[in-house]
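Asker: This is the structure I want to talk about, given as structure tokens.
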Amino acid sequence: MSRFFKNKITFLVLVTLMLFIVMGVSSNKGSLSWLDNGVTIFSTPFQKLALYSSKKTGDFFYYFKDVDKLRSENEFLKKQIAQLQEENRKLNDYKKKNVELRKALKLKDSYDDYKPIGANIIAKDMGNWFNLFRIDVGSEDGIKKDFPVRTSEGLVGRIESADVTSSKVTTIIDNGSTVSARLSKNGSYVLIKGDSELKDKGLCLMDYIDPDADISVGDVVETSGLGGIYPKGIIIGKVKQIRKSSNDFSKYAVVEPTVDFKRLDQVIVLNKKWME
């Protein structure tokens, strides 16, 4: 029975809706505007939703397009920055070498028998200090064994060996190095040697000091010109410390070179003209 009433009510609702539709059409003289308005009211939210979704979809794809464009521009700028940094590094290297060569030209008047040749350090032995290293000039540049090596500040060492395009340099802090030297203030002769312990501090040992020699901390030491390798008058360094030997009859000293062997990157080779 209840099922009958439910069906009856559903039928009445449908009939009522139909009557309203007919009345709406009749009251507008056959026009369907009322129905159109109803459809419009019903469909408007869906149209707005469709337009909004379409716009957001377009914005979404434009966003990724912009991201790709920005990524490409970023990669291009990174390459430009890297290129400019490399060019700047090369210019700084050229500038340093030019400064050293200008100083070398000033040295030319002091050493008429030598021709200064600028060189870059291209390799060094393991460690913090440049006690042994290789430079980018060799026999094709006229470089030979035992040519003196220096900077504008002072003595570096000598050529150990030379091949066609590069040379090996042994510096004054290497424990196999010896340099005949003298004290600038009084001409007292001494010997500057490399020392295995002092090498790690960038220092040298001064030995064979005359017991009566007037020597004090801060005294300047220079090459003596003896021994046939180094010309006279190249600054080696300053006395840093004076020590007495265990027998108390002799003394030795620690010398701090004027060349900074920790930051060395360019040198000047003194080419002996008579050996060319």
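Bear in mind that the values in this text are calculations on the coordinates, not laboratory data. Note that the coordinates shown come from a computational prediction; the quantities given were computed from them, not determined experimentally. Glycine gets a Cβ as well: all are built from the backbone with ideal geometry, and neighbour counts include every protein chain shown.
Asker: May I ask you to derive the FRET efficiency for Glu86 and Lys145 from their Cβ-Cβ distance with R0 = 45 Å, giving the value to the nearest 0.05?
Answerer: 0.80
Asker: Another question about this same structure. Could you please report the charge total around Gly218, scoring K, R as +1 and D, E as -1 over all other residues with beta-carbon less than 12 angstrom from its beta-carbon?
Answerer: +1
Asker: With each label point set 7 Å from Cα along the Cα-Cβ vector, what nm distance links Asp214 and Arg263?
Answerer: So the label points at Asp214 and Arg263 sit 3.5 nm apart.
Asker: Here's something else I'd like to know. Less than 12 Å Cβ to Cβ from Asp174, Lys/Arg counted +1 and Asp/Glu -1: what total charge do the surrounding residues give?
Answerer: Around Asp174, the charge tally is +1.
Asker: From the square roots a ≥ b ≥ c of the eigenvalues of the alpha-carbon gyration tensor of region 131-259, which class results: rounded (a/c under 1.5), prolate (a/b over b/c), or oblate?
Answerer: Prolate, since a/c reaches 1.5 and a/b exceeds b/c.
Asker: Could you list the residues of region 186-221 with an amide nitrogen less than 16 Å from a label point located 7 Å from the Cα of Ser250 in the Cα-to-C-beta direction?
Answerer: 189-195, 205-213, by backbone N distance to the label point.
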